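First up is the structure itself, then whatever we jot down about it.
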Amino acid sequence: MTDFLQLVVSGTATGACYALAALAFTLLWQASGTINFALGEMVMLPAFLMLFCLRTLDLPLAPAFLLTCIASMLVLGWGFKKAVADPLIRHGVVPLVIATLGLSTALKQTVRAGYSADVFTFPSIFPDTLLSIGGAKLSVAELGTLLVAGGVVLALQLFLSRTLTGRSMQAVAQNRDAAAVLGINVERMVLYAFLVTALLAATSALLIAPTSLAKFDMGDTLGLKAFYAAIIGGFNQSRGALLGGVLVGVLENLVGAYISPGYKDGVALALFLAVILFRPQGLLGTAEERRV
């Protein structure tokens, strides 16, 4: 039983990191109809920028993270919207999907050639100690990751539901034309969605890099599992991203421990296929029609 508890806590912490990236997928889709398959690399880039600040500029972790958040919003938020999303989304989703797939490869190979192909250790914001709870040994780092990721998701939910800007963003996500008629600045709300997505990517990098290590291809698995998690939970429900991420993380741990580690990476795909077949709108999603 103690082993089961440890696996669930560890899986929930990992799943919470998936959920942050999955939430970025759902926010962009809801606000602008954008699907960004370079999201995994947009988590990898902040990790390497923080490493640069730590190793080259000799900054402490907190200022390095703050500087990375600012750079992420400028480059991965505003820059991505202006340079990639805005010119291509008017031609439909397919050209944008193809462009982000190409951008994913370009970013990965640029970091590999321009920085390093090595694997780097990444400092954690939590101490590397264990807590004994009911006979189970729980990692402080995993518990801290779970609390921080859960707090970020909760704060975002409160922002979207309790603030005027958040409600305006939701209005734009539901019906852009109606929101414009009501006097909402649609372009500004869409920009905010891109900026929030960049912040989520930087936070994901801070939380997941200490365990996955910083490497040029770290975004491959993360981006794919985050996309699966978003579909599993419901692509039109931000709360579904949290559910999908946690389900993937926990089931991966349980399958790896009780069945075989070789099947661990296939859990997200199997769950994704099951949801697509039997509940295409996702576990918490609602069926909707979109004009094309």
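Nothing in this text is a laboratory measurement; each read-out follows from the coordinates by a stated rule. Note that the coordinates shown come from a computational prediction; the quantities given were computed from them, not determined experimentally. In this analysis, Cβ positions are derived from the backbone assuming ideal geometry, glycine residues included, and neighbour counts consider all displayed protein chains.
Does Val246 meet the test of being within 18 Å of the chain's Cα centre (by Cα) and in contact (Cβ under 8 Å) with a residue 40 or more places away in the chain?
Yes; evaluated as a whole, the condition is true for this residue.
How about segment 127-154: which of its residues are more than 17 Å from Ala201 (Cα to Cα), surrounded by 16 or more Cβ atoms within 10 Å (Cβ to Cβ) and touching a residue at least 40 places away in the same chain (Cβ under 8 Å)?
Ala136, Leu138, Ser139, Ala141, Glu142, Leu143
Filter segment 214-253 for residues that are of a type in the set (S, T, N, Q) and in a helix (DSSP H, G or I); which is farthest from Ala13 (Cα to Cα)?
Ser238
Which ones in segment 202-259 are of a type in the set (A, V, I, L, M), surrounded by fewer than 24 Cβ atoms within 10 Å (Cβ to Cβ) and farther than 24 Å from Leu107 by Cβ?
Leu243, Val250, Leu251, Leu254, Val255, Ala257, Ile259
Out of the residues in segment 100-120 meeting the condition of being aliphatic (A, V, I, L, M) and buried (at least 18 other Cβ atoms within 10 Å of the Cβ), tell me which one is farthest from Leu28 (Cα to Cα).
Val111
Would you be able to tell me the number of residues in segment 209-233 that are at positive phi and without any contact (Cβ under 8 Å) to a residue 60 or more places away in the chain?
Within segment 209-233, residues that are at positive phi and without any contact (Cβ under 8 Å) to a residue 60 or more places away in the chain number 0.
Take Ala21 and tell me if it is assigned to a helix (DSSP H, G or I) and crowded, with 24+ Cβ neighbours inside 10 Å.
Answer is yes for this residue.
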